[in-house]
Amino acid sequence: MPSVELEHVSKNYGQIQALKDVSLNLSEPSCIGILGPNGAGKTTLLKILTNIVKPSSGKAMVNGRNPSHEPEKALTDVGALVEQPEFYPYLTARELLTFVARIKGISRSNAEDEIKRVSGLTSITSYLDRKAGTFSRGMKQRLSLASAMIGDPEILILDEPTFGLDPKGMKETRDLIRKLNSERKRIIILSTHLINEAQEICDRIVIMNEGIIAYDTMNSRDEAGIRIEVSALPDHLEIPDRLAVDYRIDGKMIILRKNLNATNSEIIEHLQNLGLKINWVVPQNDIENIYVSIVS
């Protein structure tokens, strides 16, 4: 059974803290989407899992092994597309995929069948004998996805896999990821800026902001977020941590993420005790509103 775990992982680049005490556990086949703005820490997290960079503290475990200490064993059954793909421009797509297949231990006699399989899935069959230097950004993205899928790995790590693709290519790639996920035999970790993409594809969504995991649907409840309109707000408003993880003010609206142990009635009672008149309260459980409330 594939597994991925991060335990209190932090990563510093000089004075910049890209990840701050991040913990995450994936222990069964599924697709997890990592949402967040630029600089949220998404790509740094994926680079640590693939041993491109090492954590400043904490540890990552992939299939029970630490990629920082045992990269070959930890990453044997991992396929990855991280950041923008770069290839030797003078090699053809077939040559590049053959190279990847051989690195992954696939025999020369079986490599051609594997290349045929992944090129068909990513719609690059007609481009196999073209040099990578002639590829558009979208075709490089497809080639990189095909490369990640060589050997049918049980863990796929995909950093913005639809970036640079036209609408048709985006739909085909999403359909492919959905198909792979439906087989329920691998963990797929997908980072994206696109909220609708994460909602369409993923079983679980994590929102990162400023180096931390700010929200995780696995730990949420249907009414984890609420919107409260009041007649007027005082000059200073304070809601205790026992009631709210965080909150922000938008006009006469209080947009609030509840502490998981808090109830709506407790929050309303607290606001009324502050002298506020409540006009209405509605759940805010859609990812788009939660995302905006976190990264605003």
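Each value in this text was obtained by applying a stated rule to the coordinates, not by laboratory testing. What you see is a predicted model; the values in this text were computed from it and never measured. For neighbour counting, all protein chains shown are included, and Cβ atoms are generated from backbone atoms with ideal geometry for every residue, glycine included.
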* **Rel. contact order, % - alpha carbon contacts under 8 angstrom, at least six apart, region 1-84** => 32 percent
* To do: Multiply the residue gap between E83 and S231 by 0.36 nm, knock off their C-alpha separation, and tell me the result in nm, one decimal place.
  => 48.5 nm
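Of all DSSP beta bridges in region 4-218, what percent run antiparallel (nearest 5)?
Working: 18 of 37 bridges.
Expressed as a percentage, antiparallel bridges in region 4-218 total about 50.
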* What is the order of Y215, Y291, fewest Cβ neighbours within 10 Å to most? -> Y291, Y215
* Asked: R0 = 25 Å: FRET efficiency of Q15 with E210, Cβ-based, nearest 0.05?
  -> 0.95
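Please tell me the relative contact order of region 4-218 in percent, rounded to the nearest whole number, where contacts are Cα pairs under 8 Å and at least six residues apart. Let's see the in-between values first.
Numbers: 416 pairs, mean separation 65.0, N = 215.
Relative contact order, region 4-218: 30 percent.
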* Structure fact -> Contour minus Cα-Cα span, M218 to S56, at 0.36 nm per residue, comes to 55.7 nm
* Asked: Over region 94-220, what is the mean sequence separation of C-alpha contacts under 8 Å (at least six apart), divided by residue count, expressed as relative contact order in percent?
  -> 19 percent
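Report the full-extension gain for the segment E7 to T134: residue separation times 0.36 nm, less the Cα-Cα distance, to one decimal in nm.
Values: separation 127, 0.36 × 127 = 45.72 nm, distance 4.20 nm.
Length gained between E7 and T134: 41.5 nm.
Near H69, within a Cβ-to-Cβ distance under 12 Å, what is the net charge of the other residues, with Lys and Arg +1 and Asp and Glu -1?
Working: positive: K54, K59, R65, K73; negative: E70, E72.
Residues close to H69 contribute a combined charge of +2.
For n ≥ 4 DSSP H runs only, could you compute -39500 (n - 2.57) per run for the chain, divide by its residues and tell me the 222 nm figure to the nearest 500? Let's see the in-between values first.
Values: 9 runs with 92 residues, N = 296.
Dividing the helical sum by the residues of the chain leaves -9000 deg cm²/dmol.
Give me the dipole magnitude in Debye, nearest 20, for region 221-295 about the Cα centre, with unit charges on the beta carbon: positive for Lys and Arg, negative for Asp and Glu. Mind dumping the intermediate values first?
Working: 8 positive and 12 negative charges, 13 e Å.
So the dipole magnitude of region 221-295 works out to roughly 60 debye.
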* Among P234, P153, P161, whose mean-square fluctuation peaks in a Gaussian network model of the chain (Cα, cutoff 10 Å)? -> P234
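About the Cα centre of the chain, what is the dipole size in debye to 20, counting +1 per Lys and Arg Cβ and -1 per Asp and Glu Cβ, all else neutral?
Values: 36 positive and 39 negative charges, 187 e Å.
Roughly 900 debye for the chain.
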